Amino acid sequence: MKTMQRHHWTAIGFLFGALILAGIAARDFLRMRTPDLIIPSDGLSRTGLLSEYAPDLAGTNGDTPYYLYDSRNPGPTMLVLGGTHPNEPAGFIATVVMVENLRVAQGRVFVIPQACLSGFSATEPLEGYPERFSVPTSSGERIFRFGSRGANPLDHWPDPLVYLHRPSGQQLSGNETRNLNRSYPGRSDGSIMERVANGIMRLLETERVTLAFDLHEAAPEIPIINAIVVHEKARDLGGMAVLNLEFEGLQYALEISPQNFRGLSHREWGDGHAVLPILMETSNPIQGRLRGPTDVVLILRGVDIRYQTALEVGRMRISYDAEGESLAKRVGRHLAGISAVVSAYNEMYPDSPLMLEGLPAYTELLSQGVGAFLKPPPPVQP
Amino acid sequence: MNIIIQRAAIVLLALVIIAGIAPAQGGKKFETPVLVTSAGQSADVTLVSMLFKRANLAAKPAPQAKAGDLDNVKTLVVVPGFSSKGLGAAGISREDELKRIKQLLEAAAAKKIPVLMMHIGGKPRRGQQSDDFCKMAAEAANHLIVVKQGDEDGFFSTIAKDAKKPIDVVDKIADAAKPLAALFQ
């Protein structure tokens, strides 16, 4: 009888311990749903939700905010997407820096910092990614989520064995169903990513966007990094931008979007609308297969001794800076790329230029860090 | 007096020989119109075409040029560098592309059209996938222009040195404009 009583107490102890652990895990799980703080600049005209263009998105985790900067002076309209893949933080943070600093003197700019909003609420299984990272500002730290490449499985489950892209019929691995950048042009009654893709396509059409960017990152061992990928109709624009960037000491490879690889932004945006699509890639060690400790320091500093070793023994076929690929450098490359493409666009279409102000230069980001161009967090209420 | 005449004749002869050898060693004359093609379907061909445009030199970009496109062409410019996206965009395999370049270079040689190779893509356009294209184009070229980062291992310099071909190694893509203009003067 006494033994039975001891077992009961042991069982109650284990149960209590399990409840505490479950509580901690549940708190972390739910914290991933807390929206990231983004504080727009004074140049903001209005903000809204993507469901204004695709009503089927309303109330879902795909209904992401957009920020509009309208100069009210006639000119072209530009769209910039960050966070298509929420595990590629430079694209997300580059658009946050835009939202918090941008002023538009001529034309209009739409910014969507978290294109795949659903993916910001979960991390990638088995990758050991941190759930969030913080960037120091002049007073206090700004905290941002680090998500997964695709949508949260809770928003689309289960994945099919094979992902069938519509309307092309192209077949890809089932998990690509949750990849926004395989889902264009999308459908209003499709998966959550197809509905987001459809919303972005509708925005491009309704707002008559002429120039559109999709900001990405990739592992240092992937050949397409520090690259600008363009639809064939933006070939000259991309070429001029690459030459402009070279004058600033930034090397980029120009790539043309393959016509037979469907579902990607740089292909479907250009095929479907009059827009000139540009996708940019920076080099991000935390996505690499050679990486070691996968932590916040790697996100911010981008230094990994294994990539340095690979560089020293001549195994890096592409450029990897031994000083690391810091978040400041990667954000700087994205913003410099956008500025260079806009300059090239203005050179090609001088009668209707797009005039941007307030964005930090690449050298400013390198010398002062990203935090210098983010607004400090509001003081915590006592 | 005879000695002076003899020495003057020797100097004159030497000058004639040097003047004769110099073009053979690479002072090949390049003229417009120019056909610019890719070897590996990288978009670097677009950037090279822009350099020609900025130098006011008539150049037609034809990333997938074939032997038939060489009619009335006076210079063939080959821009080597593998791009999986580019080959995907063209809808051809790497093997098809190697075959096309081989046939194009053979046709240019048969028509005595001088070949200029321009490698501007740096490290991303080198390595296992690109080097077959780079080697084929460099060996067939009369002159090489290379952005330094693509020649850090001396790949192009060695080919040029062994075959006694002239090579211009420049720091940046934009710097290639200067030797380019000089070649077409």
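Figures for the structure shown
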quantity: Options A:R195, A:R166, A:R235: the member that is outside any helix (DSSP H, G or I) and of a type outside the set (S, T, Y); calculated: A:R166
quantity: Tally, over the range B:33-74, of residues that are in contact with a Ser or Thr (Cβ under 7 Å, 6 or more places away or on another chain) and either basic (K, R) or away from chain A (no Cβ under 14 Å) (or both); calculated: 5
quantity: Set A:M98, A:M4, A:M78, A:M32: member being surrounded by 15 or more Cβ atoms within 10 Å (Cβ to Cβ) and modelled with pLDDT under 95; calculated: A:M32
quantity: Those residues of the range A:230-239 which are hydrophobic (A, V, I, L, M, F, W, C) and facing chain B (nearest Cβ under 7 Å), in sequence order; calculated: none
quantity: Whichever residue in the range A:247-258 is at the interface with chain B (Cβ under 7 Å from one of its Cβ atoms) and in contact with a helix residue (DSSP H, G or I) (Cβ under 6 Å, 6 or more places away or on another chain) and, among such residues, is surrounded by the fewest Cβ atoms within 10 Å (Cβ to Cβ); calculated: A:P258
quantity: Selection status of A:M240, touching a residue at least 24 places away in the same chain (Cβ under 8 Å) and surrounded by fewer than 24 Cβ atoms within 10 Å (Cβ to Cβ); calculated: yes
quantity: Checklist (1) farther than 22 Å from B:A176 by Cα; (2) modelled with pLDDT of 95 or more; (3) of a type in the set (A, V, I, L, M, F, W, C) applied to B:M118, failing item; calculated: (1)
quantity: Count of the range A:176-228 residues which are buried (at least 21 other Cβ atoms within 10 Å of the Cβ), within 14 Å of chain B (Cβ to nearest Cβ) and closer than 22 Å to A:V97 by Cα; calculated: 5
quantity: B:Q6 assigned to a helix (DSSP H, G or I), polar (S, T, N, Q) and at pLDDT 95 or above; calculated: no
quantity: Residues of the range B:140-156 satisfying the condition of being in a helix (DSSP H, G or I), more than 10 Å from every other protein chain (Cβ to nearest Cβ) and surrounded by 15 or more Cβ atoms within 10 Å (Cβ to Cβ); calculated: B:A140, B:G150, B:D151, B:F155, B:F156
quantity: Any hit, the range A:366-376, residues being farther than 19 Å from A:P89 by Cα and either within 14 Å of chain B (Cβ to nearest Cβ) or free of Cβ contacts under 8 Å to residues at least 60 places away in the same chain (or both); calculated: yes
quantity: Residue within the range B:99-112 that is within 15 Å of B:F30 (Cβ to Cβ) and surrounded by 19 or more Cβ atoms within 10 Å (Cβ to Cβ) present; calculated: yes
quantity: Qualifying position, being under 15 Å from the mean Cα position of the chain (by Cα) and more than 26 Å from A:L243 (Cα to Cα), among B:K99, B:K112, B:K135, B:K178; calculated: B:K112
quantity: Residues being part of a loop (DSSP other than H, G, I, E, B) and either within 8 Å of another protein chain (Cβ to nearest Cβ) or crowded, with 24+ Cβ neighbours inside 10 Å (or both) - total across the range B:113-132; calculated: 5
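The values are calculated or read from the model by the stated rules, or taken from the named source; none is laboratory data. Computed from a predicted structure; not experimentally measured. We place every Cβ from the backbone using ideal geometry, glycine too, and count neighbours over all the protein chains shown.
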